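One structure is given below, encoded as structure tokens.
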Amino acid sequence: MASLVGLGAVSVGVVVLSWSWSIVGASVAVAGALLAWWAGVLRDVHGTGPLDELGEVLRGTVREGVAPGDTVRIGPEARERVVEVEARRRRLEADAGRRTSSGAPTGPAGVLLVLVAVFLLVAQWGLYPLGRPGQDNAVRALVAVVVLGIAGGRLLTAGARVPRIAAAFALLAGLGLVLNATLADHARAATAVAEAVCGAVSCLTGAGLLRRRR
């Protein structure tokens, strides 16, 4: 996610022709990629070794196969073991279903963050006037749109388990919106109010998810 946020910042830097945004975004993207590599993102990638079938043919290696009609015969102990494992599997599935039903509301939280991001994106044409400081605030809000959109999408696909990194980014984006609404200059009071409300909603959503126990 850090790499995606960095790439979003690079995109903003390209749009506004700012070296500061571009350099900071590239640094965050590289740092996120290095962090993912250190955390083992490539551990699930399996390579295939060299095929040795041709060598086996040349050496005349014989492999015993299965004759047509052969079946595996199991005894009473194996049958009892199968029944026991199946009963245990059903108990575990039932317990998992009960735990999932009482899990964190990641779905509604994701929808809320996506709606906030869509509102801020649409507000680029209405609440932010041309010129400064309107466009400066619009660029900062656009960064929040990228972060909240990615965090909301991650929450929508998380199921009952809380993705704490996405919740933390939602909290940080909301905090940034609140600070921008209170500290930055605004040409319209409605823009500051909208940023403060969106930031407060994002902060409460992220903080509420982070407070839930695993």
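Taking each residue as 0.36 nm, the span from Asp70 to Ser18 lengthens on full extension beyond its C-alpha to C-alpha distance by 11.5 nm. Count charges around Pro105 for me, please; just the other residues with Cβ under 13 Å from its Cβ, Lys/Arg as +1, Asp/Glu as -1. The answer is +3. The value of relative contact order for the stretch 85-214, using C-alpha pairs under 8 Å at least six residues apart, is 29 percent. The distance between label points at Ala189 and Val62 comes to 9.5 nm (points 7 Å beyond Cα on the Cα→Cβ vector). Under the combined filter of DSSP loop state and at most 13 neighbouring Cβ atoms within 10 Å, the stretch 102-176 retains these trypsin sites (Lys or Arg not before Pro): Arg161.
Convert 25 °C to kelvin, take the viscosity as 0.890 mPa s, use the Kirkwood radius over C-alpha pairs of the stretch 101-178 as Rh, and evaluate the Stokes-Einstein diffusion coefficient in µm²/s, rounded to a whole number. This corresponds to a translational diffusion coefficient of 189 µm²/s. Ordering 89-96, 199-206 by mean Cβ neighbour count within 10 Å, with the highest value first, yields 199-206, 89-96. Between Ala36 and Val82, full extension at 0.36 nm per residue minus the direct alpha carbon distance yields a gain of 12.5 nm. Expressed as a whole percent, the accessible area of the stretch 157-201 that falls on carbon and sulfur atoms is 71 (1.4 Å probe). The residues of the stretch 148-214 have, on average, 54 Å² of accessible surface per residue, using a 1.4 Å probe with all protein chains present. Short-range pairs are left out: with C-alpha atoms under 8 Å and at least six residues apart, the relative contact order of the stretch 166-208 is 59 percent.
The values are calculated or read from the model by the stated rules, or taken from the named source; none is laboratory data. Here the structure is a predicted model, which means the values were calculated and not measured. So basically every Cβ, Gly included, is an ideal-geometry build from the backbone, and we count neighbours across all protein chains shown. The protein model used for the area step is the full one, side chains on, heavy atoms only, and it has no ligands, DNA or RNA in it. Shrake-Rupley method; radii C 1.70, N 1.55, O 1.52, S 1.80 Å.
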